[in-house]
Amino acid sequence: MVTRRQTLKRSAGVLTVAAVTGHAMAQSEEHVLELLAEVNVDHEHACLHGDYDDRVSLEAGSSAEEATTVDETHVVWEVTYQNDGYVAFDIDGYANGDSFVFYTADGSARAVSGTEIERKSVTDCDSLDEYVKIEPEDGKIVLELIADSDDTKNAEDDSANDSGGGDPDHESDDRNHGDLVGNFEIVDRETDSVVADLHGDHWHGNLPEIPVDSHLSLGAIAEDSDGEEIPIGENEEYRLNATIAESGQEGIITVDSHGDHLHMSGEGVGSTDVVFQLWHGDHVDWESPPIAADVIEGTDDEDSENSEEADNEPEESEENQESEESDGPEELEVDVSVSSPKDDKDGDARFHVTTRNHGDSPVETTIALDIVGMSESATVSVDADDCQATWLCIGGSDLSAGKHEWTITAGEETVTGTLSS
């Protein structure tokens with residue numbers, strides 16, 4: 001089990017993070033934002049922390065001299081402060097001290113002391129907003145943190161002072177995203193075939209009929225106006241979803257989104273209209289024209305056939321049923337993010353393993369790590385359509401300098417890579 005040191009200390013001669021409000025305030029007001037320090041730009045790794053790690057509360061000091069000090073990367077700090085706040089990050093002990101990367105959520109970071117190398121939005125992660133890469137100056141970096149609540153208030157003030165007939169910039173923020181998609185096809189994942197494709201404001205093809213108490217598993221292929229594929233998935237820039245159209249009838253179908261695909265389930269016999277959507281973060285960037293979804297009764301032939309099959313199947317013992325539930329790894333997906341000893345405060349190699357269960361029933365599996373003859377393992381239980389994050393750790397003193405191949409297995413899934421120490 002990985003133990004995170006959550007030592008808070010006060011010191012000088014460190015990397016200092018200053019959090020201040022965007023305007024003078026006569027009365028104390030609490031602000032909250034999230035801060036994650038890393039030594040490299042790695043969105044996938046940072047997003048795993050942002051998506052699955054518990055937040056560690058941190059109360060900022062009231063001045064740079066009284067800054068609350070932390071000394072860990074790979075930790076998502078939930079920083080609170082009254083008016084002006086300061087947080088210090090101790091860079092002693094880090095081999096790579098040339099630059100540090102600060103990911104933020106619900107706010108942004110600006111360099112006050114130090115050289116800003118780059119700043120970009122994190123568009124492929126719902127839990128992080130942006131990052132800034134800073135080069136230290138005289139052994140420290142001072143950041144000004146501005147919570148979204150500050151920006152919101154400033155925006156409200158600007159809006160209140162605007163006596164014109166409208167703000168063109170604001171209007172552009174509410175623009176229609178219809179130009180995002182140039183081509184859109186719906187894929188029946190059971191047959192792996194395109195069943196409907198969009199032509200301007202209408203569809204060619206139809207959605208397959210859905211029997212009551214059954215569901216369709218539908219994916220999508222989307223391209224922009226230049227013919228470039230639009231990434232769709234749980235950890236991609238866009239997620240696929242669908243909802244009842246304004247012209248549709250409620251109570252016919254329900255929709256359950258899984259990022260790169262969705263399940264459309266039949267609830268009641270009838271026909272309704274649905275629209276497909278591409279979600280970006282917490283909002284819809286694109287919506288299709290309506291397409292019909294028809295739900296039918298299960299046929300007598302199907303009911304008879306299913307009944308005969310059920311009668312002919314031998315009863316399974318509870319032991320066999322439990323085995324099937326826990327040993328069904330074909331629906332597992334495994335993602336691994338690795339921190340090398342040279343990037344870790346304690347000099348350890350840390351493997352962050354995310355196990356996703358795309359099946360319809362819970363799965364229990366063992367995650368096993370093997371590297372240069374050493375092994376670590378952990379057993380996890382993952383509910384249907386859910387995920388579980390696990391840490392595996394190898395002490396840096398057990399690894400010689402150089403490159404080491406590693407393997408992680410979970411059920412039938414295997415992930416390999418190379419670690420530099």
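The values are calculated or read from the model by the stated rules, or taken from the named source; none is laboratory data. Fair warning: this is a prediction, and the values are worked out from it, not measured in the lab. Methodologically, a virtual Cβ is constructed for each residue, glycine included, from the backbone with ideal geometry; neighbour enumeration extends over all protein chains shown.
Filter the range 26-72 down to the residues that are over 18 Å from ASP129 (Cα atoms) and hydroxyl-bearing (Ser, Thr, Tyr) and list them by number.
Selection gives SER28, SER57, SER62, SER63, THR68, THR69.
Wholly within the range 189-229, which strands (runs of 3 or more DSSP E) include no fewer than the required count, namely at least 2 residues that are more than 31 Å from the chain's Cα centre (by Cα) and at pLDDT 90 or above?
Correct list: 202-205.
Does at least one position in the range 94-108 carry a residue that is over 28 Å from ASP124 (Cα atoms), in contact (Cβ under 8 Å) with a residue 40 or more places away in the chain, touching a Ser or Thr at 6+ places or on another chain (Cβ under 7 Å) and not assigned by TED's automatic domain parsing to the domain that holds THR390?
no
Could you tell me which numbered condition LEU128 fails, if it satisfies all but one of (1) assigned to a strand (DSSP E or B); (2) at pLDDT 75 or above; (3) under 24 Å from THR68 (Cα atoms)?
Among (1) assigned to a strand (DSSP E or B); (2) at pLDDT 75 or above; (3) under 24 Å from THR68 (Cα atoms), LEU128 violates only (1).
Go through the residues of the range 179-199 one by one and say whether even a single one is of a type in the set (A, V, I, L, M), in contact with a Lys or Arg (Cβ under 7 Å, 6 or more places away or on another chain) and free of Cβ contacts under 8 Å to residues at least 60 places away in the same chain.
Looking for residues that are of a type in the set (A, V, I, L, M), in contact with a Lys or Arg (Cβ under 7 Å, 6 or more places away or on another chain) and free of Cβ contacts under 8 Å to residues at least 60 places away in the same chain, one finds none in the range 179-199, hence no.
Which members of the range 68-112 meet the condition of being part of a loop (DSSP other than H, G, I, E, B) and among the hydroxyl-bearing types (Ser, Thr, Tyr)?
Passing the criteria: THR73, TYR94, SER99.
May I ask you to list the residues in the range 113-125 that are surrounded by 18 or more Cβ atoms within 10 Å (Cβ to Cβ) and either aliphatic (A, V, I, L, M) or part of a strand (DSSP E or B) (or both)?
The one that is surrounded by 18 or more Cβ atoms within 10 Å (Cβ to Cβ) and either aliphatic (A, V, I, L, M) or part of a strand (DSSP E or B) (or both): VAL122.
Which ranges mark the strands (runs of 3 or more DSSP E) fully within the range 324-380 that have 2 or more residues being surrounded by fewer than 17 Cβ atoms within 10 Å (Cβ to Cβ) and modelled with pLDDT of 85 or more? Write out each step before concluding.
Values: elements: 332-339, 349-357, 363-371.
In the range 324-380, the matching strands (runs of 3 or more DSSP E) lie at 363-371.
Here are the criteria: (1) at pLDDT below 90; (2) surrounded by fewer than 18 Cβ atoms within 10 Å (Cβ to Cβ). Tell me which single one ALA292 does not satisfy.
The number of the failed condition is (1).
Filter the range 48-61 for residues that are out of contact with any Asp or Glu (no Cβ under 7 Å at 6 or more places or on another chain) and surrounded by 19 or more Cβ atoms within 10 Å (Cβ to Cβ); which is nearest to GLU34 (Cα to Cα)?
Per the stated criteria, the residue is GLY50.
Go through the range 237-294 and give me each residue that's closer than 27 Å to ASN357 by Cα and aromatic (Phe, Trp, Tyr).
TYR238, PHE276, TRP279
Which residues, counting only those in the range 362-376, are in contact with a Gly (Cβ under 7 Å, 6 or more places away or on another chain) and either in the same structural domain as HIS215 (by TED's automatic domain parsing) or not hydrophobic (A, V, I, L, M, F, W, C) (or both)? Walk me through it before giving the result.
So the first thing to find is which residues in the range 362-376 are in contact with a Gly (Cβ under 7 Å, 6 or more places away or on another chain), and the list is 363, 365.
The one that is in contact with a Gly (Cβ under 7 Å, 6 or more places away or on another chain) and either in the same structural domain as HIS215 (by TED's automatic domain parsing) or not hydrophobic (A, V, I, L, M, F, W, C) (or both): THR365.
Under 8 Å between Cβ atoms, at least 6 apart or on separate chains: pull out the pairs that start in the range 73-89 with a residue that is of a type in the set (D, E, K, R) and end on any residue that is surrounded by fewer than 18 Cβ atoms within 10 Å (Cβ to Cβ).
Qualifying pairs under 8 Å: GLU78/VAL32; GLU78/ARG55; GLU78/VAL56; GLU78/SER57; ASP84/SER62; ASP84/SER63.
So, in the range 62-112, of the ones that are over 27 Å from HIS43 (Cβ atoms) and of a type in the set (Gly, Ala, Ser), which residue ends up surrounded by the most Cβ atoms within 10 Å (Cβ to Cβ)?
That would be ALA67.
Quick check on my filter: what residues within the range 249-262 are surrounded by fewer than 18 Cβ atoms within 10 Å (Cβ to Cβ) and within 18 Å of ARG189 (Cα to Cα)?
Selection gives THR254, ASP256, SER257, HIS258, GLY259.
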